[in-house]
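See structure below.
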């Protein structure tokens, strides 16, 4: 039995080696790349930078073969012919889209196939089916980027003058905005007040004039009746604002202050009241009785002067006419009163004081001519 043991062991080893060889051949034939393949020729119109033999061939993203050969076309040196071997059951048709893709961190190119219709592939004269690659498939990413940069450079070059003009206009516009920022703030504030979206405006402070009460005793009450129409004045006095001279020097404290009526109407009302306080018969022209005298007043000045120290200025020109147009007398009344400060309360008080002096002199003068 000892002489037979080595022969039996050798026989087992030989049988195992033959089985291993058959298994390896079977693996190569079915799994390792020796399965049935179909060869195709792919024609590229331009360079195929980076494509090498052995590069993968993908169909709809699945690897179905590899590149077996690369060569230049003898008829056209710009064209490249690539021979690929793919699995026989790959559904390649005549209109199958052929392109290049770059995969991985290194960007290694592979041939990418995409299925389209059920048409059969055309065959070349050699009998190998031929596929036409997309004309843009062989354009490398570097070349595509370079062409895009060249197009961008050309576009910028063509548009340099309009672009420069646009930037210059933007600079001019921004400078104009900077110069007029205060005006823009005022316009925006006005729009906010107009639309009611801005902060609520403060209630204005109303000031009034006081008709004088203290007059010297009048020994003889005039028998004539006097009418006092509204004083005449230039347009700037037809306002409720407290006027300031010179124009433009008005402080912010004056913006929220105003008289109880337009200046000419207010002065008319207080002068009539002054005559009534002196027990003299006066009326407005619209009242329904006839008067024999008419007091015409021309308003020349009623404002605050800030030229030196603040002071109130009041000046009237008065004229008494008869019912036949006869002039009984004319006179100019003027008063200047210092203001305690350059603010609205002090200005209103000074103007009220100046008006009182002028109105007192006017009543005394007019009563002597009636």
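The values are calculated or read from the model by the stated rules, or taken from the named source; none is laboratory data. A quick note: this is a predicted structure, and the numbers were derived from the prediction, not measured. Glycine also receives a Cβ, built like all others from the backbone with ideal geometry; neighbour counts cover every protein chain displayed.
Quick notes on this one:
Each row is one residue, and each column tells you yes or no for (1) modelled with pLDDT under 75; (2) assigned by TED's automatic domain parsing to the domain that holds residue 316; (3) assigned to a strand (DSSP E or B).
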{"position": "172", "(1), (2), (3)": "no, no, no"}
{"position": "177", "(1), (2), (3)": "no, no, no"}
{"position": "188", "(1), (2), (3)": "no, no, no"}
{"position": "192", "(1), (2), (3)": "yes, no, no"}
{"position": "218", "(1), (2), (3)": "yes, yes, no"}
{"position": "223", "(1), (2), (3)": "yes, yes, no"}
{"position": "229", "(1), (2), (3)": "no, yes, no"}
{"position": "236", "(1), (2), (3)": "no, yes, no"}
{"position": "253", "(1), (2), (3)": "yes, yes, no"}
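Residues are listed down the side, and each one gets a yes or a no for (1) in a strand (DSSP E or B); (2) buried (at least 17 other Cβ atoms within 10 Å of the Cβ); (3) modelled with pLDDT of 80 or more; (4) outside the structural domain of residue 131 (by TED's automatic domain parsing):
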position: 49; (1), (2), (3), (4): no, no, no, no
position: 54; (1), (2), (3), (4): no, no, yes, no
position: 65; (1), (2), (3), (4): yes, yes, yes, no
position: 69; (1), (2), (3), (4): yes, no, yes, no
position: 74; (1), (2), (3), (4): no, no, no, no
position: 85; (1), (2), (3), (4): yes, yes, yes, no
position: 102; (1), (2), (3), (4): yes, no, no, no
position: 105; (1), (2), (3), (4): no, no, no, no
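- Test: residue in segment 305-317 that is modelled with pLDDT under 80 and surrounded by fewer than 17 Cβ atoms within 10 Å (Cβ to Cβ): yes
- Considering residues of segment 322-370 that are loosely packed, with under 14 Cβ neighbours inside 10 Å and modelled with pLDDT of 90 or more only, the residue nearest to the chain's Cα centre (by Cα): 338
- Single match in 301, 274 (criterion: surrounded by 18 or more Cβ atoms within 10 Å (Cβ to Cβ) and part of a helix (DSSP H, G or I)): 274
- Test: residue 115 is at positive phi, modelled with pLDDT under 85 and assigned by TED's automatic domain parsing to the domain that holds residue 41: no
- Some residue of segment 270-284 being under 17 Å from residue 239 (Cα atoms) and in contact with a strand residue (DSSP E or B) (Cβ under 8 Å, 6 or more places away or on another chain): no
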